[in-house]
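The values are calculated or read from the model by the stated rules, or taken from the named source; none is laboratory data. Keep in mind that this is a model prediction, so the values were computed, not measured. For neighbour counting, all protein chains shown are included, and Cβ atoms are generated from backbone atoms with ideal geometry for every residue, glycine included. With ligands, DNA and RNA removed, areas are computed over all heavy atoms of the protein, side chains included. Shrake-Rupley method; radii C 1.70, N 1.55, O 1.52, S 1.80 Å.
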Amino acid sequence: MSKHLCCFTQKPKTKRAKRFLDNRAPKLTENVKNAMIMKGGNTSMTVTQALKDIYALKKPSAEFFSKKTDSSLFLFGSHNKKRPNNLIFGRLFDFHVLDMIELGIEKYNSLNEIKNSKCPEGTKPMLVFAGEAFDHDDDHKRLKSLLTDFFRGPVVPSVRLAGLEHALHFTALEGKIYMRSYRSLLKKSGCRTPRIELEEIGPSFDFVLRRTHLASDDLYKTAHRQPKALKPKKKKNISHDTFGTKFGRLHMQKQDLAKLQTRKMKGLRKRRGPAAAAEGETSPKTAKVEVE
């Protein structure tokens, strides 16, 4: 999603200011999205620890101020009687709020409560979304997009097998969202492909979906607009299946099979001499062709 739509109008007076403005200018390839994490004036211990754990998952792409640090994501934690243990996930477009989704914490286990070994800081996670609501309900669709933006990490061209170490699993079931964090372990399997086991490392959340503030369809399409330079060019006679396998179609001229050159075999040669004449008298006539 593009973060900026307008261009800066101020003119830089120094080279340092010029580099700063060039870094903020719209780009074909987007920078890694930073997130600012904010704590409200009235919070509970649960919210405070939850913000710390989510910050640990998001590091090093987590900041404190939007325009100063070019953050396009934010997380706000608060607590009151009407909405206890409240987290608000949101994102910005052109430094204006694009959408916000409010989640309430019903059950929570912190990183410190789960004693298993953790993944290194900055590990790119695998994101898994389970539940029909993520595909059919509009609020859950937008929540899926928002969580993907928040936790996906940097875009990389390739990942080695050992780098697929961290998995974040989100399940939508009966109006609740369950978030779990796992570390993948590669075990010996007796063959070339390792056996994979998942070990929960925390944090784990049981969320309930509360209020939403979603962008209009037109603004949402504008935020997702891509420059023409990034759009892949269509190639003729090339298609891909569901698994990404590439297929090519070849157009060939019509072939005359009568002129097809094949391997010569003795059994297909014409017989000569008296044996062939005697066979012709006793057996019905058959077409004998020598394939060249």
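Among the residues of segment 88-99, count how many are crowded, with 19+ Cβ neighbours inside 10 Å, in contact (Cβ under 8 Å) with a residue 60 or more places away in the chain and aliphatic (A, V, I, L, M).
Residues that pass the stated criteria total 2.
Do you know which of the residues in segment 169-191 that are without any contact (Cβ under 8 Å) to a residue 12 or more places away in the chain and on the phi < 0 side of the Ramachandran plot is most open to solvent (accessible area, probe 1.4 Å)?
The residue in question is LYS188.
If THR123 satisfies all but one of (1) touching a residue at least 12 places away in the same chain (Cβ under 8 Å); (2) over 18 Å from GLU200 (Cβ atoms); (3) of a type in the set (S, T, N, Q); (4) in a loop (DSSP other than H, G, I, E, B), what's the number of the condition it fails?
(2)
PRO232: closer than 30 Å to ASP94 by Cα, of a type outside the set (Asp, Glu) and either out of contact with any Gly (no Cβ under 6 Å at 6 or more places or on another chain) or open to solvent by 100 Å² or more (accessible area, probe 1.4 Å) (or both), yes or no?
Values: closer than 30 Å to ASP94 by Cα: yes; of a type outside the set (Asp, Glu): yes; either out of contact with any Gly (no Cβ under 6 Å at 6 or more places or on another chain) or open to solvent by 100 Å² or more (accessible area, probe 1.4 Å) (or both): yes.
For PRO232, the condition - closer than 30 Å to ASP94 by Cα, of a type outside the set (Asp, Glu) and either out of contact with any Gly (no Cβ under 6 Å at 6 or more places or on another chain) or open to solvent by 100 Å² or more (accessible area, probe 1.4 Å) (or both) - is met.
Applying the selection to segment 143-153, what residues are buried (at least 19 other Cβ atoms within 10 Å of the Cβ) and either part of a strand (DSSP E or B) or not aliphatic (A, V, I, L, M) (or both)?
LYS144, PHE150, PHE151
What number of residues within segment 243-284 are loosely packed, with under 10 Cβ neighbours inside 10 Å and modelled with pLDDT of 65 or more?
23
Suppose we filter LEU164, LEU214 for residues that are farther than 30 Å from SER78 by Cα, under 23 Å from the mean Cα position of the chain (by Cα) and open to solvent by 50 Å² or more (accessible area, probe 1.4 Å); which single one remains?
Details: LEU214 fails: farther than 30 Å from SER78 by Cα.
Residue meeting the stated conditions: LEU164.
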